[in-house]
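Read the structure below first, then the notes.
The values are calculated or read from the model by the stated rules, or taken from the named source; none is laboratory data. Computed from a prediction, not measured in an experiment: that's the story for all the values here. Positions of Cβ are backbone-derived with ideal geometry, glycine not excepted, and every protein chain shown enters the neighbour counts. Accessible surface is based on the protein model in full, side chains and every heavy atom, while ligands, DNA and RNA are left aside. Shrake-Rupley method; radii C 1.70, N 1.55, O 1.52, S 1.80 Å.
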Amino acid sequence: MQRLIPTLRRDHVEEGLISVINTLQICAKEISFRLHQGELAGVLGSTLDENIQGETQKKLDVLANQLLKDILLENSHIRAVASEEEEGIVDGHTTGDYLVAFDPLDGSSNIDINSMVGTIFSVLPAPKDDRQGVDLFLQPGTNQLMAGYVLYGPSTMLVFTTGNGVRVFTLDQKVGEFLLTDEDLEIPADTCEFAINMSNYRHWQPQMRAYIDDLLAGDTGPRCKNFNMRWIAAMVADVHRVLCRGGLFTYPWDCRMPNKPYKLRLMYEGNPMAWLVEQAGGVAHTGEQRILDIEPTDIHQRIGVILGSANEVNTCLEYLQGSQSATTDV
Ligand code: F6P
């Protein structure tokens, strides 16, 4: 089985970027080790703090964030990093060619129940003009040079794209190396599976409720087929399932918080996952536009996300745009 670095060289990935992914896989092994030690490592449970998003921080969130920051910033190719857990960006090397945005531990409410979590990353080019600070990162997802995630599940997997398909590596715990286990993931265009937090039903737009109602109506409704639902509550794990066997994943607009109607973050979740999904033949949309085309205005910006099997995402978009008749009054 192929190792990571030879696969990247075979794919003609530039050496600087190879160095960045090499650093990321070192971080992944460190985080994976601590997660697999679980209670034995004394890192489960919450801290007394909240992160920049107002969420309670888990000890492992803080640890993973610190590990990624410390190890990435030692790499001279990295100009700056942005983390979901940090208010501002953290400067690295002024001559570095790359910026790395990351969510250190996505789905961290799963940590205490020994369920799946992951690290999501997005690598952007460092602008060569006089931009500084947060402005460096305000680039659309189409600029990404590399994007992916590490899934800490029964096995630890590194999944990423450099724009040439989606590669999957599995950590061989015996030798401590990531080995290529899937060359080119492809999402089937049709699916019978969807992922959404159903408890938010009453907060969605009527069009989204109508779409979900028709999925739930199964073969007796207008879709004429039965759908199954899955929700792991960790985007990284739900998107991994979509990449492996298809499906639709959404965290849509939500009217609970008028000033903050979306949950998922563009830079740390939306953009990297959107690029992976598109590279695997799927569609990734906010409901209003292609995620990768968004011109960010803030590094912690939140967006609506609908992604996965192309035909199903397009059907959902037809409901949202009002061109699909629904069984429910909208
Ligand atoms: O953004 C954090 C996150 O944990 C995602 O990974 C996940 O998809 C979502 O929030 C879970 O949300 P909820 O708590 O509504 O199930």
Looking only at segment 302-325, and only at residues there that are open to solvent by 40 Å² or more (accessible area, probe 1.4 Å) and in a loop (DSSP other than H, G, I, E, B), the one that is modelled with the lowest pLDDT
Ser325
Among the residues listed as Leu68, Leu73, the single one being open to solvent by less than 10 Å² (accessible area, probe 1.4 Å) and modelled with pLDDT of 95 or more
Leu68
Pairs returned, first residue in segment 273-298 that is not assigned by TED's automatic domain parsing to the domain that holds Ala101, second residue that is in a strand (DSSP E or B) and surrounded by fewer than 19 Cβ atoms within 10 Å (Cβ to Cβ), beta-carbon separation under 8 angstrom, 6 or more apart or interchain, are Ala274/Arg290; Ala284/Arg290
Does Asp112 satisfy the criteria of being in contact with a Gly (Cβ under 8 Å, 6 or more places away or on another chain), open to solvent by 10 Å² or more (accessible area, probe 1.4 Å) and not assigned by TED's automatic domain parsing to the domain that holds Gly282?
yes
Looking at (1) outside any loop (DSSP other than H, G, I, E, B); (2) open to solvent by 10 Å² or more (accessible area, probe 1.4 Å); (3) within 15 Å of the ligand (Cβ to nearest atom), which is the one condition that is false for Trp275?
(3)
Evaluate the following for Tyr211: is it open to solvent by less than 70 Å² (accessible area, probe 1.4 Å), away from the ligand (no atom under 14 Å from the Cβ) and in the same structural domain as Arg302 (by TED's automatic domain parsing)?
yes
Looking at this structure, is Glu177 over 15 Å from the mean Cα position of the chain (by Cα), touching a residue at least 60 places away in the same chain (Cβ under 8 Å) and open to solvent by 10 Å² or more (accessible area, probe 1.4 Å)?
yes
Filter result for Gly270 (in a loop (DSSP other than H, G, I, E, B) and open to solvent by less than 60 Å² (accessible area, probe 1.4 Å)):
no
From Pro188, Pro222, Pro206, residue being open to solvent by 60 Å² or more (accessible area, probe 1.4 Å) and in contact (Cβ under 8 Å) with a residue 60 or more places away in the chain
Pro222
Residues in segment 248-261: is at least one more than 10 Å from the ligand (Cβ to nearest atom), more than 13 Å from Ile303 (Cα to Cα), touching a residue at least 60 places away in the same chain (Cβ under 8 Å) and in the same structural domain as Thr297 (by TED's automatic domain parsing)?
yes
Given the criterion open to solvent by less than 30 Å² (accessible area, probe 1.4 Å) and modelled with pLDDT under 95, identify the matching residue among Asp61, Asp103.
Asp61
